[in-house]
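Novice: Quick one: this structure, given as structure tokens, is what I'll be asking you about.
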Amino acid sequence: MSVHLLQTATSVLLKDPTASLGDVARAAGVGRTTLHKRFPTRTALVRALASDALDLIDSVACHVDFDSDDALEDLITRLVTLGPRVEFLLRFPGLDRDEELAARIRGMDRPVLDLITRLQGTRLRRDLPAWWILNTLYAGLFNAWEAISDGRIAPLDAPRFVLTTVFEGVNSAGATDRT
């Protein structure tokens, strides 16, 4: 499966979740028959895109030392670079209804939740549930990908924005003078 086809299909379906296989084929510059040979149904394409996104996350996560003190920073910095192909997991409706995909997502969340739990009381607040912090982290990544796509922030600045929000929040008490 070509990276171009995956990227194009992801882009098309993020812009229009109701897009047909024909719409995807046109955008990718391939024949509809060619696309149908690889993905006989729209559901098969969506599942392949979600699996590809999970594979990308796995490939990043295997390089993160979850026992280190800077594991969260390393993970976020690596995930920001994956952009829309992973954003698909957060934005595309109904993926949680596919039990195999849902199980992979839960499995992927486990080491991050364990890391968050370990950091609670030292670098992260103990009074918030770990799942809340995880979802806040994912929301920050989503916002970063959207802001990068819209040209509002540079990709190299995005991890700092996400991590500052998670570690310090958005209140003025967390701000430091950087001048």
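The values are calculated or read from the model by the stated rules, or taken from the named source; none is laboratory data. Just so it is clear, the structure is predicted and the values come from calculations on it, not from any experiment. Methodologically, a virtual Cβ is constructed for each residue, glycine included, from the backbone with ideal geometry; neighbour enumeration extends over all protein chains shown. To get the accessible areas, we keep the full protein, side chains included, count just its heavy atoms, and leave off ligands, DNA and RNA. Shrake-Rupley method; radii C 1.70, N 1.55, O 1.52, S 1.80 Å.
Novice: Given the options GLU73, GLU99, GLU146, which has the most mean-square fluctuation in a GNM of the chain, springs set between C-alpha atoms less than 10 angstrom apart?
Specialist: GLU99
Novice: Right, another one. 222 nm [θ] for the chain, helices only, -39500 (n - 2.57) per DSSP H run of 4+, per residue, to 500?
Specialist: That comes out to -21000 deg cm²/dmol.
Novice: Once both axes come from the Cα atoms, what is the angle between helix 42-61 and the longest principal axis of the chain, in degrees from 0 to 90, rounded to 10?
Specialist: Here the helix axis deviates by roughly 40 degrees.
Novice: Let me ask another. Please work out the Cα center distance from region 1-38 to region 85-148, rounded to the nearest Å.
Specialist: When both Cα centres are located, 27 Å separates them.
Novice: Top mean-square fluctuation among ALA130, ALA139, ALA103, Gaussian network model of the chain, C-alpha springs under 10 Å?
Specialist: Ranking ALA130, ALA139, ALA103 by mean-square fluctuation puts ALA103 first.
Novice: Once R0 is set to 30 Å, what does the formula 1/(1 + (r/R0)^6) return for the Cβ-Cβ distance between ALA44 and THR136, expressed as a FRET efficiency to the nearest 0.05?
Specialist: Details: r = 33 Å, r/R0 = 1.10.
Efficiency, from the Cβ-Cβ distance: 0.35.
Novice: Name the residue, out of ARG160, ARG110, ARG97, whose mean-square fluctuation peaks in a Gaussian network model built on the chain with Cα pairs under 10 Å.
Specialist: Sorting by GNM fluctuation, first place goes to ARG97.
Novice: Moving on. Quick check: net charge around ASP52, other residues with Cβ under 11 Å of its Cβ, Lys/Arg +1 and Asp/Glu -1?
Specialist: With Lys, Arg at +1 and Asp, Glu at -1, the net is 0.
Novice: I'd like the orientation of helix 130-149 relative to the chain: the angle between its Cα long axis and the longest Cα principal axis, in ° from 0 to 90, rounded to 10.
Specialist: Between the helix axis and the principal axis of the chain, the angle is about 60 degrees.
Novice: What do you get for the angle between helix 3-15 and the principal long axis of the chain? Use alpha-carbon atoms, 0 to 90 degrees, nearest ten.
Specialist: 80 degrees
Novice: Also, quick follow-up: Could you work out the local net charge near ARG118, counting Lys and Arg as +1, Asp and Glu as -1, over the other residues with Cβ closer than 13 Å to its Cβ?
Specialist: Working: positive: ARG110, ARG123, ARG126; negative: ASP65, ASP67, ASP69, ASP70, ASP114.
With Lys, Arg at +1 and Asp, Glu at -1, the net is -2.
Novice: How far is it, in nm, from the label point at HIS4 to the one at GLU146 when both lie 7 Å from their Cα along the line to the Cβ?
Specialist: 3.1 nm
Novice: Still on this structure: Run the accessible area of the chain with a 1.4 Å probe and give the carbon-and-sulfur part as a rounded percent.
Specialist: Answer for the chain is 54 percent, counting heavy atoms of protein chains only.
Novice: Something else: Taking only protein heavy atoms and a 1.4 Å probe, what accessible area per residue, in Å², does the chain have with all protein chains in place?
Specialist: 57 Å²
Novice: While we're on this one: Could you give the length gained on full extension between ASP16 and ASP58, defined as 0.36 nm per residue of separation minus the Cα-Cα distance, in nm?
Specialist: 12.5 nm
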